[in-house]
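Please read the structure below before turning to the comments.
Where a number appears in this text, it was derived from the coordinates with a stated rule and is not lab data. Since we're looking at a predicted model, the values are computed, not measured. Here the Cβ is made from the backbone with ideal geometry for all residues, glycine too, and neighbour counts use every protein chain on show.
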Amino acid sequence: MSNTLGEKVKVTVFGESHGPYVGAVLDGLSAGIKINDESIKDLLSKRRPQGKGETQRVEADNYQIVSGIFNGYTTGAPITVLIPNTNTHSSDYEKLKDIPRPSHADYVAREKYAGFSDYRGGGHFSGRVTAPLVALGAIVIDALEAKGIKIFVRIKECGGIEDFPLEKSSLFVLKDLNRTAFPTISREKGELMQKKIEETGKEGDSIGGVIEVCVIGNLFGLGEPWFSSVEGKLSEACFAIGGVKGIEFGEGFAFKEGKGSSLNDQYAYEEGEVRTLSNHNGGINGGIANGEPIVFRLAIKPTPSIYKKQTSVDLAKEENVDLNIEGRHDPAIIRRICPVIRAMTSFVIADLFEMKNGENSLRKL
């Protein structure tokens with residue numbers, strides 16, 4: 001089982017949805033980075049369910065940092081975060097022990113691990129396991145921002161409702177995204193999306209959408225050609241999250257509809273610096289960051305657990321069955337996945353930063 005991401009800055013995740021703890025270890029991060037508890041609490045709060053239209057499983061997320069921190073700063077040793085699970089209803093899953101839920105990992109986990117995997121709440125495959133990643137991500141995000149690198153994540157589309165487009169010339173609109181619980185550029189569009197999510201939840205169904213990520217700042221030269229490209233590293237990290245089913249960089253699949261004359265990012269000097277006049281390639285050429293904002297989008301699938309009747313199989317009886325899922329589930333994970341994507345992006349950018357600039361290069365001098 002592979003649970004580690006990164007080469008210089010490595011993150012390892014562990015735990016199960018209904019086990020005593022979920023946790024993660026961050027190794028290779030520069031020594032001397034100040035820990036801000038408020039940053040950690042804020043990012044965790046954005047991942048936590050918030051009222052109507054979201055799961056009733058609300059965890060306090062009282063995290064514990066048990067290694068790698070001394071006198072409020074990173075020591076250079078591995079940083080371990082533990083978060084207890086205190087609001088579990090394991091009995092909700094007993095009847096599903098032999099009946100895999102559609103579009104979940106239940107069946108493949110059971111077969112791959114010979115029936116020994118923890119099936120309660122999805123076990124190690126659960127979105128609950130992302131909580132310690134978010135806690136560690138907050139530390140890395142602060143370290144990157146001290147180096148002038150900022151990561152913005154927004155909900156671009158949900159339920160057929162699209163947020164305003166992001167233009168290269170208007171990146172200032174991103175500044176408030178990380179402060180709000182439902183991050184959209186247009187507040188009106190965000191409210192319509194939330195209404196759609198609530199309506200879908202009342203129907204017992206679920207919806208997905210599109211997340212857009214924009215990374216700006218001191219990025220030039222990050223990444224390597226071929227197998228350590230910026231696109232490859234970000235894709236590996238984002239596809240670790242179960243709800244992510246697609247990714248595109250810059251114009252992505254829209255490239256098939258245009259011509260090089262309109263989609264090439266042409267160069268020009270601006271105030272003595274070489275810049276591109278557009279950013280169709282999402283800030284990456286040849287796998288290497290070209291200094292423009294790194295922009296990519298993620299397709300998020302509808303939450304698999306829905307309250308409508310579905311078909312499955314009873315593996316113990318070897319027969320087809322109707323399935324009615326009970327328990328506490330989100331009709332859309334698109335809001336709660338935003339801080340997770342932001343954290344995962346931070347791990348990749350930090351890893352690439354130290355690959356380029358060397359050990360302890362994220363330390364603020």
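Averaging sequence separations of C-alpha pairs under 8 Å and six or more residues apart, then dividing by the length of the chain, give the relative contact order as a whole percent.
Contact order relative to length: 24 percent.
The simple spin-label model puts a point 7 Å past each Cα toward its Cβ; for residue 275 and residue 31 those points are separated by 4.0 nm.
Only helical runs count toward this figure. For the chain, summing -39,500 (n - 2.57) over DSSP H runs of n ≥ 4 and dividing by all residues gives -7000 deg cm²/dmol at 222 nm.
Cross-link reach is defined here as a Cα-Cα straight distance under 13 Å, omitting same-chain residues fewer than 8 places apart; for residue 256 the aspartates and glutamates meeting it are 248. Between residue 107 and residue 202, the modelled label-to-label distance comes to 3.4 nm, taking each label 7 Å out from Cα in the direction of the beta carbon.
Of the candidates 281, 85, 62, which one comes out as most mobile in a Gaussian network treatment of the chain with C-alpha springs shorter than 10 Å? Between 281, 85, 62, it is 62 that shows the largest mean-square fluctuation. For the pair the stretch 92-139 and the stretch 255-314, the centres of their Cα atoms are 30 angstrom apart. Within a straight-line Cα-Cα reach of under 18 Å, residue 150 can be paired with the following aspartates and glutamates, leaving aside sequence neighbours fewer than 8 residues apart in one chain: 38, 42, 142, 167, 176, 212, 231, 292, 351, 354. Tell me which label goes with the value of Kirkwood radius over Cα pairs in Å computed from the coordinates here: (i) 22.1; (ii) 27.2; (iii) 21.5. Structure-derived value, by its label: (iii). Taking a straight Cα-Cα cut-off under 18 Å and skipping sequence neighbours fewer than 8 places away in the same chain, the lysines within cross-link reach of residue 95 are 308, 309, 317. Sorting the segments 64-74, 117-127, 192-202 by their residues' average number of neighbouring beta-carbon atoms within 10 angstrom, most packed first, yields 117-127, 192-202, 64-74.
So how much slack lies between residue 314 and residue 71, counting 0.36 nm per residue of separation and subtracting their Cα-Cα distance, in nm?
Here the answer is 82.1 nm.
Electrostatic bookkeeping for residue 162 treats Lys and Arg as +1 and Asp and Glu as -1; over the other residues with beta carbon under 13 Å from its beta carbon, the sum is +1. For the residue pairs 46/301; 112/356; 196/259, alpha carbon separations beyond 27 Å are given by 112/356; 196/259.
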